[in-house]
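Here's the structure, in structure tokens; my notes come after.
Read the figures in this text as sums done on the coordinates, not as results from a lab. Keep in mind the model is a prediction, meaning the values are calculated, not measured. Glycine gets a Cβ as well: all are built from the backbone with ideal geometry, and neighbour counts include every protein chain shown.
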Amino acid sequence: MSEIFKKSFDRRTFLGRSLPACAASLLGCSSVPLFGMPSIGGRPSPAQNKFDAEMPNKLTMRQLFAQRYGSIFIPFIKYCAVTLGREKTVEMLKAYAAESAAAAAANLAKRLGSNDFEAARKYFDPANPNFANTMTFTVPESTDRVFRLHVTECLWARIFLEAKVGDLGYAAVCFGDFQSAQSFNPRIELARTKTLMQGDDCCNHRYLLKA
């Protein structure tokens, strides 16, 4: 089924920045460390006491995701699915993703200095370091009105599918992409018929600038 959801962009960021230790869930990857884990690529805060001291261990992105999602978030949403019911948990995750998307999209536009289509198109560059260690994709089409992303590897999908919670992962990670596009710019619309998270061979994002 084709999904066209006229509501928001880089909202995957909310998963790293907004996910509390015991609650739910950018196209960029968060630089905020996971509960006591060191930040990757960021400048550490000056050590004021023992709690602020930089930890010596270095993590790969896969290890960071395993810590962030595999050991904390996924067990929590599994618990929610058992206690609240899977359908209600999916609804909760989708609602949280959609609500968080608008703020994440606004933050992205602020960082980019623009919310126009060209800024979005340039952001989704396979060479962008935000995606280097979390996704593999190509851009088979890129014009003034349309650009498409063909995603063949996604660390989010791998982590959630390995835990056999692809439906919950879709609700938490992928669903908000539609809200993000519209919130980034009301004239931008996302259409997508496949995702890795749902077991497909790719994610086929198509962003359109409406007249």
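For the pair ARG111 and TYR79, the difference between a 0.36 nm per residue extended length and the Cα-Cα distance amounts to 7.9 nm.
Derived from the Cα gyration tensor, the three semi-axes of the equivalent ellipsoid of the stretch 79-211 are 26, 18, 13 Å, largest first. The magnitude of the dipole of the stretch 42-189, with charges of +1 and -1 set on the Cβ of Lys/Arg and Asp/Glu and taken from the Cα centre, is near 360 debye. Estimate the FRET efficiency between ASP125 and LYS88 by the formula 1/(1 + (r/R0)^6), using the beta-carbon distance for r and 35 Å for R0, to the nearest 0.05. Efficiency computed from Cβ-Cβ geometry: 0.35. Among THR195, THR134, THR60, a tally of other beta-carbon atoms within 10 Å of each Cβ gives an order, fewest to most, of THR60, THR134, THR195. Label-to-label distance for THR193 and GLU153 is 2.7 nm, based on points extended 7 Å past Cα in the beta-carbon direction. Put a dot 7 Å past the Cα of LYS164, heading toward its Cβ, do the same for ILE72, and the two dots end up 2.5 nm apart. Taking the Cα atoms of the stretch 83-128, the ratio Rg/Rh between the radius of gyration and the Kirkwood radius comes to 1.21. Taking a point 7 Å out from the Cα of THR143 in the direction of its Cβ, the residues of the stretch 176-211 whose backbone N falls within less than 20 Å of it are 187-193, 204-211.
In this simple spin-label approximation, ALA53 and ASN133 carry label points 7 Å from Cα along the Cα→Cβ vector, and these lie 2.4 nm apart. Computed packing ranks the peptides 168-175, 186-193 as 168-175, 186-193, most packed first, by mean other Cβ atoms within 10 Å. PRO126 sits among other residues whose Cβ lies under 13 Å from its own Cβ, and their net charge, with Lys and Arg +1 and Asp and Glu -1, is +1. For GLN63 and LYS210, the FRET efficiency from 1/(1 + (r/R0)^6), where r spans their Cβ atoms and R0 equals 30 Å, is about 0.15.
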